[in-house]
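What follows is calculated from the coordinates using simple rules that are stated; it is not laboratory data. Everything numeric here is computed off the predicted structure, so don't read it as measured data. Don't worry about glycine lacking a Cβ; one is built from the backbone with ideal geometry, like all the others, and counts go over all protein chains shown.
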Amino acid sequence: MNKKRHFSIGEIANLTGVTIRTLQYYDNIGLVPLNKELTNGRRYYEERDLTKLQQVLFYKSLGLPIKEIKELVVEAVTVEQVADVLQKQKQIFYQKLNDVKMSISLIDASLKSLGKNQGLIPGELVQLMSTLNKDLIFEYKDVHYDEKTEKVFINHYEKTEEVIETYWKWKALVVEAVTHIINGVDPKDSQGQDFAKRWVEMVAQVTGGRLELLEAHKAAYENRNQWPEEDRRLMEFADEFIDKSVESYLTVEKEKKYD
């Protein structure tokens, strides 16, 4: 009969990279408790405890609080309960991803303003940025289009991260257009044309040359009265600048082909 291997707290610390102090804390709260020999009182871990600790570290890396980790590791739970916890944590990460995308967009818009304003960001832009709703994207779940348009969106945007990525590719440029308007940028000057180039590229990336997806986005725009108010107002405010800059850009590009 094989004797079970025992590990000291120091050995487990070396194997896992977890500090002795943290292991002692896990022991005290009953998360990964040490075993105790009856003969000499020596405390130790078994291989099954190492497996349990690895589970703890995995859940911790996902950002789960200790209380929830303890429920998953110590208490008897079903596969469905574990899946539910992980799904909820996944949604939290989507929220964080959305927050990061928004922060990057605001930084980019601020950088566009610095050159025009000697290092100062206009008050109107500061006010706009401070009032933007970072959770607005999640309100689109309550927006409904015609059956054909919704079917196209469902088929093309199956993953939440794809929706977030597409949304912020679009909104970052809308916010930038608003920034240019506030700064008095001419749609036909170099800044306006640089913006137009990236807008055209964004449309190409988002649609991937798929006509049905382009038509679906056009249908969504035509029904923007259903959008969350913030996005609708921003888009309508930026519309003229976007149209003029893109029209000028496409005209120049067309002329280049015939030169």
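Simple point charges give the picture: +1 on the Cβ of Lys and Arg, -1 on the Cβ of Asp and Glu, and for segment 6-73 a dipole about the Cα centre of about 160 debye. Build a GNM of the chain with springs between Cα atoms under 10 Å apart, and of 107, 164, 154 the one that fluctuates most is 154. Shape analysis of the chain places it in the prolate category; the axes a ≥ b ≥ c from the Cα gyration tensor give an a/c of at least 1.5, with a/b above b/c.
Working note: Debye formula, equal point scatterers on the alpha-carbon atoms of segment 6-73, no solvent; log10 I(q)/I(0) at q = 0.13, 0.21, 0.24, 0.27 Å⁻¹ is -0.34, -0.85, -1.09, -1.33. Rounded to the nearest 20 debye, the dipole size of the chain about its Cα centre is 1500 debye, using +1 on the Cβ of Lys and Arg and -1 on the Cβ of Asp and Glu. Result for the chain in a Gaussian network model with C-alpha springs under 10 Å: among 232, 43, 210, the largest mean-square fluctuation is at 43. Rounded to the nearest 20, the Cβ-based charge dipole of segment 210-259 about its Cα centre (Lys and Arg +1, Asp and Glu -1) stands at 160 debye. Using a/c under 1.5 as the rounded threshold, could you call segment 110-230 rounded, prolate or oblate? The axes a ≥ b ≥ c are square roots of the C-alpha gyration tensor eigenvalues, and prolate needs a/b larger than b/c, oblate otherwise. Here segment 110-230 falls in the prolate category. Electrostatic bookkeeping for residue 99 treats Lys and Arg as +1 and Asp and Glu as -1; over the other residues with beta carbon under 11 Å from its beta carbon, the sum is +2. Between residue 21 and residue 83, residue separation times 0.36 nm minus the direct Cα-Cα distance comes to 19.3 nm.
Cβ-Cβ distance of residue 247 and residue 96, R₀ of 30 Å, FRET efficiency by 1/(1 + (r/R0)^6): the value works out to about 0.20. GNM on the chain, alpha-carbon springs under 10 angstrom: the most fluctuating residue among 125, 62, 173 is 62. Which stretch or stretches of segment 201-228 have amide N atoms under 14 Å from the point lying 7 Å from residue 155's Cα along the Cα→Cβ direction? Only 210-217 pass the distance filter.
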